[in-house]
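Derivation of every value follows stated rules applied to the coordinates shown; laboratory data play no part. Values in this document were obtained by computation on a predicted structure and should not be read as measured data. Glycine also receives a Cβ, built like all others from the backbone with ideal geometry; neighbour counts cover every protein chain displayed.
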């Protein structure tokens, strides 16, 4: 994606933190009919700057078959975003814009269908999003749990390239950044207020 240098995030820890905070992503792969996209939660295993993305989808979804072709796939993680009014700037001769944060992860994904692997995948998803449910899940019959696994396909993707972009008014003055943070921070919309929090976390404003 297009990333002006002042919007590029180089700190790998910031990228990992962003992915963990915004796990509902878009997996995009090439098909004969053009790009094919699936919206789904995706987790990341990261060690020594080596990132592996993983998740699962419905077996009825033809997307998993596209992962067997060896072509590069793209996973898009998207976070908070907000309209920025030029009325917030010191200079009256300014234009409106949109602030946002996103991470693009590229790599070669592969489908996984082995029952034990899928079972571990489901366990990780539950621990990540609904840990209180894990005891109930574990108490379900083995027949039900393994029966459910027949309806999903897992996948893993080793990241070969990662692009992280925080477009959060880094090119504006400290005064403009502070005005933006103060304005967006008052919003009841979590996506809008999230930009104010991200700007503060990145040390912007006064």
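What's the exposure ranking of 46, 189, going from fewest to most Cβ atoms within 10 Å? Let's see the in-between values first.
Details: 46 16, 189 12.
Taking fewest neighbouring Cβ atoms as first place, the list is 189, 46.
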Just 160, 188, 97 to compare: in a GNM of the chain, with alpha carbon springs under 10 Å, which one fluctuates most?
-> 188
Tell me, what is the percent relative contact order of the range 5-171, built from C-alpha pairs under 8 Å that lie six or more residues apart?
-> 30 percent
Which of 157, 51, 148 moves most in a GNM of the chain, Cα contacts under 10 Å?
-> 148
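Report, in deg cm²/dmol and to the nearest 500, the calculated mean residue ellipticity at 222 nm for the chain, where each DSSP H run with n ≥ 4 adds -39500 (n - 2.57) and the sum is divided by the residue count. Don't skip to the answer; put the middle values down first.
Details: 7 runs with 66 residues, N = 206.
Helix contribution divided over all residues of the chain: -9000 deg cm²/dmol.
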Please build a GNM for the chain, connecting alpha carbons under 10 Å apart, and tell me which residue among 69, 147, 33 fluctuates the most.
-> 33
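Taking the Cβ of each residue in 141, 73 as the centre, tally the other Cβ atoms inside 10 Å and list the residues starting with the fewest. Don't jump to the answer; show the numbers that get you there.
Details: 141 8, 73 23.
Exposure proxy ranking, most exposed first: 141, 73.
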Among 60-68, 23-31, what's the highest-first ranking by average C-beta atoms within 10 angstrom per residue?
-> 23-31, 60-68
Measuring from the longest principal axis of the C-alpha atoms of the chain, the long axis of helix 115-129 (C-alpha) lies at a number of degrees, nearest 10, equal to 30 degrees
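Please order 201, 143 by the number of other Cβ within 10 Å, starting at the fewest.
Ranked by crowding around the Cβ, least crowded first: 143, 201.
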Between the range 138-156 and the range 56-108, what is the C-alpha centre distance in whole Å?
-> 31 Å
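Please pull out the direction-averaged projected area of the range 14-90, using the convex hull of its alpha-carbon atoms, in nm² to one decimal place. If you can, show how the numbers build up before the last one.
Working: hull surface 32.1 nm².
So the Cα hull casts an average projection of 8.0 nm².
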On a 0 to 90° scale, report how tilted helix 174-184 is relative to the longest principal axis of the chain, with both axes built from alpha carbons and the result rounded to the nearest 10.
-> 60 degrees
Rounded to the nearest 10, the angle in degrees between the Cα long axis of helix 190-201 and the longest principal axis of the Cα atoms of the chain comes to 70 degrees
Scaled radius of gyration (Cα, divided by 2.2 N^0.38 Å) that the chain gives = 1.20
